[in-house]
Structures are given as C-alpha cells and as structure tokens.
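Visitor: Below you'll find the structure I mean.
The values are calculated or read from the model by the stated rules, or taken from the named source; none is laboratory data. As the structure is a prediction and not an experimental result, all values here were calculated from the model. Cβ sites come from the backbone with ideal geometry, for glycine too, and all protein chains shown count toward neighbours. Ligands, DNA and RNA are excluded from the accessible area calculation, which covers all protein heavy atoms including side chains. Shrake-Rupley method; radii C 1.70, N 1.55, O 1.52, S 1.80 Å.
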Amino acid sequence: MQINDVVSIETLDNIALICLNNPPVNVASQALRVGIQKAVSQANVDAEIAVIAIYAAGRTFVAGADIKEFGKPPLDPMLPDLINEIEESAKPVITVLHGTALGGGLEIALGAHLRVGLNGLKLGLPEIHLGLLPGAGGTQRTPRLIGIPAAIEIILSGRHLEANEALGLGLLDRLSDESPREAAITAAKDVLSGTINPRRTDEIEVKPDHAHLDEMEAKLVQTHSHLVSPHKCVEAVRASTLPVNEGLKVERQAFFESMNTPQRAGLIHAFFGERAVSKVSEFKSTPREVAQVGVIGGGTMGSGIATACLLAGLRVILVETTEEALGRGIATIHKNLEGALKRGKLAQDRFDATKAALKGELQLTALDNVDLAIEAVFENMDVKKDIFGQLDKICEPGVILASNTSYLDLDEIAATTSRPEDVIGLHFFSPAHVMRLLEIVVGAKTDESVIATGFALAKRLRKIGVKSGVCDGFIGNRILAHYRKTAAYLVLDGASPQEVDRALEEFGFAMGPHKVGDLAGLDIDWMTRQRKAATRPEEERYSGHVADRICENGWFGRKSGKGYYLYESANMLPNPEVETIVAEEREKAGITPKPIAAADIVDRYMTAMISEAVRTLEDKIAARPLDIDMVLLFGYGFPRHLGGPMHYADTIGAKELINRIKTYAKEDSYYWRVPGLLRQMADDGTTFADMNR
Ligand code: 3H9
C-alpha cells in the first residue's frame, strides 16, 4: 500500500516492510519523512505487526537530509524528531542499508534497533563537508555504538566507511548479500525467532573520553581555526556523555549555529556547483567513443595525463621524440601508478594490466588508430601547429585532436587541420593525475559531440570538466594572471611577501601566492612576462620588478632551493635577500613603502580576482558564474568554504565592489576599472547566483 509518492508499506505475516523510493538517491525530503512517520505509526497500531523493517528501492538507501531544504524555514516533521519517534517505537525497527547510507540516512539507521548492511554499502557522516555536523542524533548515537574516539574520527573526516569496517566497529549488526527486501524479511524473521536481538541505541552508555576530545580540539585550533563546524562537532560529541535528551539539545544548537554560517552556504554552493557544472547544452549531444588515447609529450604534463587516462581504464600510447625522453616519460608514469597503488587509488589486481595498457612510441604515425590524441608538448605555437598538421593526416576523420595548451589560441591551432570541428582544448592541471580540474576549451568550430566527449572524458577521469571559450589563459589562467599582479603591487607598495601570504592563508587559501609561485616554479611566469613584454600596454604598471630580479639570480623557487622562501632546511624561511631586492626596487621606482593591513591585502586581492572573473563573463569565456567558481575551487586552491570567487562576490555585493575599485583606481586607474556588468548588477540588483539559474 502506497503511503505517499515516495513511501509504501507491505505486510508479510507479522512483518511490516516499509519501502523508501525517492529517486535518485532517496534523500530524506519532507515527503519521505512524512511517509516514514505515517508508515511507522500505522505499523505500531496494527495489532498483527510484531516487527518493522525499513529498506529502500533504487540504487541507494537514504543519502542524507535534503540539502536543498537548508537555509529555508524548517518543514515538519523534522528529521531529528522523526528519528526519535523511530527509536521510541514500541515494535522493533530494522533498517537495511544498501548503496550509500550517509548523513541523515545513517542517522535514521542509528535510531532504529537493528542495522543490516548489504554488499557494496558505503556509510558515513559527511556533514562536515557541507559546513555542518550530524544534526539528527549522529553525534549522540554514534559514540554510543562505537565509542568516542572512533565516532569523532568518522565525524571529523566525513569519510565513507566500507560495510566490513562498519560491522567491525559495531555500527552495523550484520551483513547480507541478499536484495534489500529479502534481507529485510530475513532479519525480521530472525528478530521474531529471537536469533538476533534488537536494542535501543539511546540506552547504551558512553564511556567519557574528554582527554581525547581535548587533543582533537587542540589539533583543530592549529589546522581549522577559520572553520566553524569542526569545533561544533567536538562540542556535540563531548555532550554524548550526558543523558541523551540533553546531548541531543546540544547537538541541535550546534547544528543551527553551523547552519547559519556563510561557510555552510559556500560549501553547499560548491556541492551543487560541482554537479551543475557539466550541465551544458552540448551535453545532450552523444559523446564519441574513447577507448584508446594518444598522448604526445612525456614531460610532467604528458605523463600525468597518460597516468590519469590509464587509471580510468583507457589504453594509452605515449609518443616522444627520443628513446631517452620516452624512457623518462614511461618511468614517470610507472612511478605515478605505483603512487596510486600505495594511496589505494589503484587495486593491486589491476596494477599489472594498467601498466600493460601503456605503449611507448617514437613516431606520431603510431597514433593512426587512437580515438583521441592529446598534445602535451611545450607551449610553442609553431611546434603545436606542426603536430596538429601531422595528426590531421595520420588520424581518421572523427578522431578528436586535443591540445593541452594553457593559453595559446586554439582556433589558430585548429586552422592548421582540415577538420577544426574535431579540435578541442583539454587543459589539465599539474599533477594531471591528481588535480581535479579539466578546462574543456571550445574553439569557434568545435563540434558539439566533441564537447560532449570532453565532458564524458572528465567524468571518466573523475575530474570536474568546465567549459571555457578561447582567450589568453582561458578561464583560470586569465583570472590568475590578473590577480597575481595585485600580490606583486602589494609587495612593491609596502607589504612583505610573507605578509601577503599570511593574510591570504588566514583568509582560507592553503598557500599564499608567493608560496604557490615557489612551488610552481618562478621561471614559468618569468618566461611569460618576457613573451608579453612587447605587447604590454604602456599605461600598465609593471608588476614583475621583484620577481624578475629573483629569477635573474637563478632562484626559481622550491626546485632550485631558493625563491621567495629558502628550501635548504626543513623549515621554510623567508629568503632574506628578497628583502634587499624589494627595498632596491621600491627605491628605483620612487616608492615610499607604507604598512598595509591584512584586511586590505585580502580585499584588494579578492577584488582584483572578482573584477577579471566578471570580465571573463562579459567576454563569454565563462558561460556562468558557477563555472568560474568551480575553476578556482578545483584548480587554484580557492577556499572551498567561500564557494568560489563569484559566490564570495555576492556576499560583498556589486555596490561595495564598485566602491572598492573606485577607491583603488585613485592610485592606478588602468589596473582598477569597473566592469560594465558589475555596474549593471549594482543598478538592477541582480546577483551572480541569479545568473546561475
Ligand atoms: C545531512 O544529512 C544533515 C543531517 O545530519 C541533519 C539534518 C537535520 N540533498 O552526486 P550525484 C542530488 S546533510 C539533495 O550526482 P552519485 C545531486 O545534487 C547530507 N540532493 O550521484 C544530484 O542531483 P542532479 C549528508 C542531493 O551517484 C543527484 O542527487 N549527505 C543530495 O555520483 C545525484 O547525485 C551527504 O552529504 C542531498 N543530500 O553520488 C551526501 N545528495 O541529478 C551527499 C545528492 O540534479 N550526496 N543529491 O544533479 C553524495 O555524496 C552523492 O550524491 C552520493 C551519490 C554519493 C549519494
């Protein structure tokens, strides 16, 4: 019998079988909550029923509370109240979990009296990734079942546990390889026969372990001082030693406090953005088949791309020009695969076959049978044109020819072929087998099916594919090139590189721009500045004075032991000689250095980033603000809890951004210009979020 659209109940002898069917992932929406509440209470008043079993149809048990409801007025019944009702049910309630039982989904199971896990089940409390804590009893019932140390580890990591581990810990009572409905019937019969004993979780006592929680909190102060919810998790778990009703109250309060933070909004924007970014119109077009990929160039980038393709089960032919370079490329790929094996990203039984799926060749003609060729040679237009000209002749029509260029004009490259419709940019980020961003660069003539293939490839490689138009640097590097100048101007005007780094790290970036520069290699930007010297507009204030001097000394950052910082010892100390260089360059430019407050550093840096991001929207290089957000989040270390620069910009507002730009423009009216779109937004009150809809 159907209770409502998403919940049904069936009676089998003395068993009530409640089936949840809320595709795609059975979220605990209001309808699901209402359905469960009605079904459980109906089973409780039915004198025939002795035991109740809840299972789910479709690919998964409940994947959590409905995130779309967050930030809106609460809808009854609230999940914590429903779970309390389940726990208080006079008749034992069994839950059968398959697919994923996450967050509120697992919390429903924790409130039930018995938990059965099916093969392949993954379970966990990932709320921390959304800026929250388990808010439907998870912080109180998990410690009751598995103790405080294991519970806090699961809650703070938000990781997915395999069913076996959960059984070992005591989160599950048994495993089954039956179907969800069959497993529910078997468990219910076992309860009826007394083979297994259901029990209430709230009746279990928690062994206090305040010392462990103190240790966790002390660590969080070091590593996550800018985030709210991790601290709230500790606070709520600490309350699990109180009587359950009091503990649940503490959890509820902590949950609402986390819910009301901008961090929660930023993290949820990132969650949905990650899923929305691939929803582009071309996605409806059928992607082309890709089973074998040719990678041209075995340097860091090429070998990383080859590794990513191999890890996704694709066959790869790596082409280099000399035996030596080919050997180096193959050795790097083997090392990458061994690393993936160690990190558990590649199963031992797949290791040999994955290695064997790689072939090395010295001639481009070896790519006559691939489905996709990805060029990853160094950034030189003539070399790239030559390769594409050759590929055009070697590869069958319909084979996709991709360039990994990070800024060159894709249309110019495509024009050297007889089939620009088959040409696309696939801009990976280094290390390509680790970094999740893939910019899918669409040329003027790229065919829709080729774009769809780019997105399908991104999904297969477990990357976040973002569509970009053609311009110098595409979405990410174009915005980066602009805001990085701010960091240089700040140093020329009075801040030290360390002050700039510290301010931005305290704001949430994992590394400040000077540390990032040292890590990436300062020589790369040096070459770019030289390449662009002839075309640099006269009005532009030069930003490379200090960086040029550093590079002239042969200090290219981490790889040469020196850059803005010293890497000779384990401690990363500021390079004292940079201080001298900065002082000399300020003097040469006639600048009297002034102290710059951390807040001013952050405001200027972020305003520069947002301004250029807005221009990429105006120029239609990025289709939507969320595309920019995902590029910066997944490729440039933008703090996830701020949701991306466009989401963050909405928290500042167009009017305030314009005020800031106008103030800064008094010092440099060329660099600081108000984008027209921002003016329009200030006039009509639109936000970037509106443009995503
Ligand atoms: C929570 O539970 C709080 C409680 O403690 C307290 C409450 C009081 N809500 O990812 P997919 C959508 S917080 C709404 O592509 P997969 C998703 O947007 C929650 N929608 O599939 C997508 O929509 P669309 C704790 C959700 O197979 C579609 O479902 N739980 C939710 O790659 C398919 O999703 C979590 O944090 C949701 N909770 O991965 C788990 N979940 O088709 C979050 C998914 O329109 N979810 N959607 O793009 C996941 O991690 C993954 O979705 C999952 C499946 C692993 C389940």
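Visitor: Got a sec? What order do LYS485, LYS207 fall in by accessible area at 1.4 Å, biggest, i.e. largest, first? Before the final figure, lay out each step's value.
Guide: Numbers: LYS485 50, LYS207 165 Å².
Heavy-atom accessible area, descending, gives LYS207, LYS485.
Visitor: Right, next: Taking a ≥ b ≥ c as the square roots of the Cα gyration tensor eigenvalues, with a/c under 1.5 meaning rounded and otherwise prolate when a/b beats b/c, else oblate, which class fits segment 495-615?
Guide: Numbers: a/c = 1.32, a/b = 1.08, b/c = 1.22.
Rounded shape, in that the Cα axes give a/c under 1.5.
Visitor: By how many nm would the segment from ALA90 to GLU153 grow when fully extended, if each residue of separation counts as 0.36 nm and the alpha-carbon distance is taken off?
Guide: 19.4 nm
Visitor: Name the GluC sites (Glu not before Pro) in segment 516-581 that are in a loop by DSSP and that have at most 16 other C-beta atoms within 10 Å, would you? Could you put the intermediate results ahead of the total?
Guide: Numbers: sites: GLU538, GLU539, GLU540, GLU552, GLU568, GLU577, GLU579; in loops: GLU538, GLU539, GLU540, GLU568.
Hits after loop and neighbour filter: GLU538, GLU539, GLU540, GLU568.
Visitor: Turning to a different aspect of this structure: Mind running the shape call on segment 566-693? Use the C-alpha gyration tensor, a ≥ b ≥ c as the square roots of the eigenvalues: rounded below 1.5 for a/c, prolate if a/b tops b/c, oblate otherwise. Let's see the in-between values first.
Guide: Details: a/c = 2.63, a/b = 1.55, b/c = 1.70.
Because a/c hits 1.5 or more and a/b fails to exceed b/c, segment 566-693 counts as oblate.
Visitor: On to the next question. Please report, as a whole percent, how much of the solvent-accessible surface of the chain comes from carbon and sulfur atoms (probe radius 1.4 Å).
Guide: On the way: 15450 of 29610 Å².
The computed percentage sits at 52.
Visitor: Residues of segment 22-106: accessible area per residue at 1.4 Å, in Å²?
Guide: Values: 3190 Å² over 85 residues.
Heavy-atom accessible area per residue stands at 37 Å².
Visitor: Which FRET efficiency value, to the nearest 0.05, is calculated for SER193 and ALA347 with the Förster distance at 35 angstrom and r the Cβ-Cβ distance? Provide the component values of the computation, followed by the final result.
Guide: On the way: r = 39 Å, r/R0 = 1.12.
For R0 = 35 Å, the calculated efficiency reads 0.35.
Visitor: Determine the dipole magnitude for the chain: charges of +1 sit on the beta-carbon of Lys and Arg, -1 on that of Asp and Glu, nothing else is charged, the reference point is the Cα centre, and the result goes in debye to the nearest 20.
Guide: Details: 76 positive and 93 negative charges, 22 e Å.
Result for the chain is approximately 100 debye, rounded to the nearest 20.
Visitor: In angstroms, what radius of gyration and Dmax does segment 325-420 have, counting Cα atoms only?
Guide: For segment 325-420, the Cα radius of gyration and maximum Cα-Cα distance read 15.9, 44 Å.
Visitor: For SER258, SER193, give me the order by solvent-accessible area with a 1.4 Å probe, most accessible first, ignoring ligands, DNA and RNA. Mind dumping the intermediate values first?
Guide: Working: SER258 0, SER193 80 Å².
Most to least solvent-accessible, the answer reads SER193, SER258.
Visitor: Could you state the number of Å between the C-alpha centres of segment 610-686 and segment 495-556?
Guide: 22 Å
Visitor: Largest first, what is the accessible-area ranking of ASP173, ASP525, ASP683 with a 1.4 Å probe?
Guide: Details: ASP173 65, ASP525 40, ASP683 135 Å².
Result of the area sort, largest leading: ASP683, ASP173, ASP525.
Visitor: Kindly flag which residue pairs out of LYS279/LYS467; LYS345/LYS467; LYS485/LYS532; LYS68/LYS232; LYS122/LYS207; LYS284/LYS459 have an alpha-carbon separation exceeding 18 Å in this structure. Let's see the in-between values first.
Guide: On the way: LYS279/LYS467 10 Å; LYS345/LYS467 27 Å; LYS485/LYS532 14 Å; LYS68/LYS232 22 Å; LYS122/LYS207 27 Å; LYS284/LYS459 15 Å.
Where the Cα-Cα span goes over 18 Å, the pairs concerned are LYS345/LYS467; LYS68/LYS232; LYS122/LYS207.
Visitor: I'd like the accessible area for MET78, computed on protein heavy atoms only with a 1.4 Å probe and all protein chains in place. Round to 10 Å², please.
Guide: Roll a 1.4 Å probe over it and MET78 shows about 40 Å².
Visitor: Could you list the trypsin sites (Lys or Arg not before Pro) in segment 30-118 that lie in coil according to DSSP, counting only those with at most 14 other Cβ atoms within 10 Å of their Cβ?
Guide: Values: sites: ARG33, LYS38, ARG59, LYS68, ARG115; in loops: ARG59.
Within segment 30-118, the qualifying trypsin sites (Lys or Arg not before Pro) (loop, at most 14 other Cβ atoms within 10 Å) are ARG59.
Visitor: Between rounded, prolate and oblate, where does the chain land on the alpha carbon gyration tensor, with a ≥ b ≥ c its root eigenvalues, rounded for a/c under 1.5, else prolate if a/b exceeds b/c?
Guide: Numbers: a/c = 2.05, a/b = 1.54, b/c = 1.33.
The shape class here is prolate.
Visitor: Looking at segment 53-142, which chymotrypsin sites (Phe, Trp or Tyr not before Pro) are in a loop (DSSP not H, G, I, E or B) and have at most 10 other Cβ atoms within 10 Å?
Guide: Values: sites: TYR55, PHE61, PHE70; in loops: PHE61, PHE70.
Hits after loop and neighbour filter: nothing returned.
Visitor: Now, a different point. For GLU10, what accessible surface area do you get with a 1.4 Å probe? Give it in Å², rounded to 10.
Guide: 60 Å²
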